[in-house]
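The values are calculated or read from the model by the stated rules, or taken from the named source; none is laboratory data. Since this is a predicted model, take the numbers as computed values, not measurements. Reconstructed Cβ throughout: ideal geometry from the backbone, glycine too, with neighbour counts over all protein chains shown.
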Amino acid sequence: MITASLSANIWHTGWIFDHLLMDLDSDGDDEIVLGGVNDLKHQAFLAVIEPDIPRSICEVPAGYAPSFATGKEVAYLLFPPSEAAQAIARSSRAVKLKRKEPDHLSVSIQLPVTGDADIPERVYVLDRNLQTTELHITDEYKSIHHQLRQERRQEHEYQAAEKVKLLYLECLSQAAQNKKARTPHGTEIVR
C-alpha cells in the first residue's frame, strides 16, 4: 500500500500546467520545476523551488496571503510575450516541460488561439543555469502570424527580429538574482 502526505503548499497566481523533478544545482537532490501562466504578468513562467519549502507563494499583490513566504523560489522566469499573443490579447503559457539530455530542460510555450485550442509557439532549451541554449519557433506559430497579418491584426509577417526579442527571459526571483543575466550568450539560433 502506498501512502502520501502533503510536504509543501505552494500558491501561484495563475495556472500550473506541468511540473517535473530535476537536479538543476548538482547537489544530488531534485528541485521542483513548475511551468504555466502568470496571470498577473500575462506571461508564461518557469519556477524552480526546493522541495523542503513548507509554505510559499509566488509573486502576489501585497497582503494577499500574509502567512505565506514570497520570493522563496530558486528561480522564477518569465518568458516574453510573442507578437501574435499581443495581437490577439492572449497570454502564452508554458505547458510542457521535458528533461533533455542529462542537464538540459525543454520548455514548450503554447498560444491559446480559440476556446481550448492551443498552438505550439516556441520551444526553449535551457541549461542547468536556466540560460537559453536553443530557441525553436514552430511552423504553426509562423502560420498564425501569417493569418493575423492577412486579417490586418499584425503589421508584418514573422521575422527573425522577433526571435531575438523572445530570447530575453526576465528573472523575478530574489534568490536567483545572482544568476540574473538572462541574455542569449552562447544561444544557438535555430531557424
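Going by the conditions given, is K100 under 17 Å from V48 (Cβ atoms), touching a residue at least 40 places away in the same chain (Cβ under 8 Å) and of a type outside the set (A, V, I, L, M)?
So K100 fails the test.
Looking at (1) within 27 Å of W11 (Cα to Cα); (2) in contact with a Lys or Arg (Cβ under 7 Å, 6 or more places away or on another chain); (3) surrounded by 18 or more Cβ atoms within 10 Å (Cβ to Cβ); (4) modelled with pLDDT of 90 or more, which is the only condition I137 fails?
For I137, the exception is condition (1).
May I ask you to say which residue of Y168, Y124 is within 16 Å of the chain's Cα centre (by Cα), at pLDDT 90 or above and closer than 24 Å to A47 by Cα?
That would be Y124, the only listed residue that is within 16 Å of the chain's Cα centre (by Cα), at pLDDT 90 or above and closer than 24 Å to A47 by Cα.
Being part of a helix (DSSP H, G or I) and touching a strand residue (DSSP E or B) at 6+ places or on another chain (Cβ under 7 Å) is the filter here, so list the residues in the stretch 135-173 that pass it.
Residues satisfying the conditions are E140, Y141, I144, K163, L166.
Given the conditions (1) under 11 Å from L167 (Cα atoms); (2) part of a loop (DSSP other than H, G, I, E, B); (3) of a type in the set (K, R), and given that R128 satisfies all but one, which numbered condition is not satisfied?
Only one criterion is unmet by R128, namely (1).
Among residues belonging to the stretch 127-151 that are closer than 14 Å to F79 by Cβ and of a type in the set (A, V, I, L, M), point out the one that is farthest from the chain's Cα centre (by Cα).
I137
Of everything in the stretch 84-104, what is of a type in the set (K, R) and either at pLDDT below 90 or closer than 17 Å to D30 by Cβ (or both)? Give them in sequence order.
Correct list: R90, R93, K98, R99, K100.
Here is a list: V48, V74, V113, V107. Which entry is under 16 Å from the mean Cα position of the chain (by Cα), at pLDDT below 85 and of a type in the set (V, I, T)?
Criteria check complete, one pass: V74.
Could you tell me whether any residue of the stretch 142-154 is modelled with pLDDT of 90 or more, surrounded by fewer than 17 Cβ atoms within 10 Å (Cβ to Cβ) and under 29 Å from L21 (Cβ atoms)?
no
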